[in-house]
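Input: a single structure, listed below in structure tokens.
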Amino acid sequence: MFDGQTILITGGTGSFGNAAVERFLKTNIGEIRIFSRDEKKQEDMRNSIRDSRVRFYIGDVRDPASLYAPMEGVDFVFHASALKQVPTCEFFPLEALMTNAIGAENVFNAAVEAGVARVVALSSDKAVYPACAMGMSKALMEKLMAAKARANGYTKFCATRFGNVLGSRGSVIPLFIKQIQSGQPLTVTNPAMTRFMMTMDDALNLVMEAFQHGVNGDTYVRKDNSTTVGVLAAAVAQVFHTQTEVRVIGARHGEKLYETLLTREEKVRAIDQGEYFRIPLDSRDLNYSLYTEGKGEVDDTEYNSHNVYRMNLDETVALLSTLDCVKAALEG
């Protein structure tokens, strides 16, 4: 499906962008455009990949003008650019709004103007019942995506939601590895916190599911198992054969006890597709009198990391052992 096509990945020097490029380069893709504002990360990525099909564009999603040239002639857009650190966004909420919401609107507008066929936007579990600035800005991004989809033009829009991806930049696994290597205690916010256990391959598969099968305005969620942060720390220690101390430091600004991927309201209308939930767009307009009332369906359980299957220590160890960052650390 990518033969000869041109794709653009915003925030393309991040963990998702690097993994996506690696996968796309195994196809007969025409061109991959990486759009981001960090020239050092672009230079590192350029030197690492060394493939003429990958081109780099410096710019900022907050500046609409910087999107015009990179968007010209693009077939598909994967929008991954965002401020993702919850505590940082708590202290600088306006920055989160400008990048995660207004920046997304700039990307969507540029895609429509350039005649892009499909846009897939990456969202977060924190957009569900948002309790932090990062989540609120991502929730707005999802609403902006839905508004563009309702316009029903040539460009089609979809979104995906997932939590922290295991081993990705800024996630806890690289931090644990660094702490073990330097002989420091493993710092755990709250051992009872639960988190979905999603690998980067899982995240890529989710995005590709939305890209291939999503109807305009859909939001896709992957079904995943979870584990507690306490079990996760113990599993990392076991993988590295260490008796490292675990130190509880308390929750950071804006952190939730568990991750939620579907609200109770969304769960009622979500379509179960096996590995995934598909949340269709609410395509009604403002003439509510033209629509019949709902049938009163109620689902009193949201879909979160507290109420799915919880992996035990051995299962978590087995999963961590498959991660590239863990393999590299063990070999190094």
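Just so it is clear, none of the values below were taken in a lab; they were calculated from the coordinates. Keep in mind it's a predicted model, so treat the numbers as computed, not measured. Here Cβ is always computed from backbone atoms with ideal geometry, including for glycine, and neighbour counts include all displayed protein chains.
Taking the Cα centre of each part, how many Å lie between the stretch 158-227 and the stretch 253-272? About 15 Å separates the Cα centre of the stretch 158-227 from the one of the stretch 253-272. Of the residues Lys178, Lys267, Lys84, the one that moves most in a GNM of the chain with alpha-carbon contacts below 10 Å is Lys178.
Taking 0.36 nm per intervening residue step and subtracting the Cα-Cα distance, what contour gain separates Leu175 from Lys40 on full extension? All intermediate terms of the calculation are to be shown ahead of the outcome.
Numbers: separation 135, 0.36 × 135 = 48.60 nm, distance 2.17 nm.
Here the segment from Leu175 to Lys40 would lengthen by 46.4 nm.
What net charge is computed for the residues neighbouring Gly73, neighbours being all others with C-beta under 12 Å from the C-beta of Gly73, Lys and Arg scored +1, Asp and Glu -1? Here the charged neighbours net out to -1.
Once a ≥ b ≥ c are taken as the square roots of the eigenvalues of the Cα gyration tensor of the stretch 230-332, is the result rounded (a/c under 1.5), prolate (a/b larger than b/c) or oblate (a/b not larger than b/c)? Prolate, because a/c is 1.5 or more and a/b exceeds b/c. Can you spot the aspartates and glutamates whose alpha carbon is less than 18 Å from Lys84's alpha carbon? Ignore those fewer than 8 places along the same chain. Reachable aspartates and glutamates: Asp38, Asp60, Glu95, Glu105, Asp125, Glu142, Glu255, Glu259. Taking Ala117, Ala234, Ala69 as the candidate residues, the one with maximal mean-square fluctuation in a Gaussian network model of the chain, Cα springs under 10 Å, is Ala69. Under a Gaussian network description of the chain, with springs only between Cα atoms under 10 Å, the residue in Leu67, Leu262, Leu25 that fluctuates furthest is Leu25. Using only Cα atoms, locate the centre of the stretch 1-30 and the centre of the stretch 69-90, then give the distance between them in Å, rounded to an integer. Distance between centres, Cα-based: 14 Å. Here is how the number arises for the chain: DSSP H runs of 4 or more residues each give -39500 (n - 2.57), the sum is divided by the residue count, and the result at 222 nm is -11000 deg cm²/dmol.
Looking at this model, which pairs from Lys26/Lys267; Lys156/Lys223; Lys148/Lys178 are more than 32 angstrom apart at the alpha-carbon?
Pairs exceeding 32 Å: Lys26/Lys267; Lys148/Lys178.
For the pair Arg62 and Ala131, label points projected 7 Å from Cα toward Cβ lie 2.8 nm apart.
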